[in-house]
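First comes the structure, then the notes that go with it.
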Amino acid sequence: MEPFRLLSVVHVFLIKDGQILLLRRLNTGHHDGEYGLPAGKLDGGEELHSAAIREVREECGVVIAPSDLEMLGAMHIRISGNERIDFFFKAEHWSGEISNTEPDKCDDLRWFPLDDFPDNMISYVKEAWSKFREDVWFASHGWA
């Protein structure tokens, strides 16, 4: 029997002037048409902070210094029979200008007020932000 392998994804809340940057997914096959964060799968042999910094650079064209990246928490997610552990970070400082560097996977990149997210936002991303605001470090999503 094949050993169970758990996928992990990193997400980064980029925060500026009381707003969070959200990206609307396109042509990914996963939550297309919904807003999420710069995010991506953890590569093997890659430390979490490095993965988060890499994903933001790949998707938004900016560079975050490791000292400017803060881990907010983790979430055990189950969707459509699959499960994974996602890690959520935030950054309020970076170098470079934010741009949509993956227009084939994102059709809108926009700033939203911290507590006024669009209706078509990925539910577990919205829940992760809510848990962070409540000082909850770990949560589960999709298990009930």
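The values are calculated or read from the model by the stated rules, or taken from the named source; none is laboratory data. Keep in mind the model is a prediction, meaning the values are calculated, not measured. In this analysis, Cβ positions are derived from the backbone assuming ideal geometry, glycine residues included, and neighbour counts consider all displayed protein chains. Side chains included, ligands, DNA and RNA excluded: accessible areas come from the protein's heavy atoms. Shrake-Rupley method; radii C 1.70, N 1.55, O 1.52, S 1.80 Å.
Brief remarks on what is shown
- The residue of the stretch 12-34 that is surrounded by the fewest Cβ atoms within 10 Å (Cβ to Cβ), among those that are outside any loop (DSSP other than H, G, I, E, B) and β-branched (V, I, T), is I15.
- From the list L21, L26, the lone residue that is touching a residue at least 40 places away in the same chain (Cβ under 8 Å) and either under 15 Å from I98 (Cβ atoms) or of a type in the set (D, E) (or both) is L21.
- Count of residues meeting criterion [loosely packed, with under 15 Cβ neighbours inside 10 Å and either touching a Cys at 6+ places or on another chain (Cβ under 8 Å) or in a strand (DSSP E or B) (or both)] in the stretch 86-99: 2
- Among the residues of the stretch 42-85, those identified as within 21 Å of L21 (Cβ to Cβ), open to solvent by 30 Å² or more (accessible area, probe 1.4 Å), not in a strand (DSSP E or B) and not hydrophobic (A, V, I, L, M, F, W, C) are H49, S50, R54, R57, E58, G61, P66, S67, D68.
- When every residue of the stretch 112-126 is checked against the conditions, at least one turns out to be within 30 Å of R5 (Cα to Cα), among the β-branched types (V, I, T) and surrounded by 14 or more Cβ atoms within 10 Å (Cβ to Cβ).
- In the set D119, D107, only one residue is of a type in the set (D, E, K, R), part of a loop (DSSP other than H, G, I, E, B) and farther than 15 Å from V12 by Cβ; that residue is D119.
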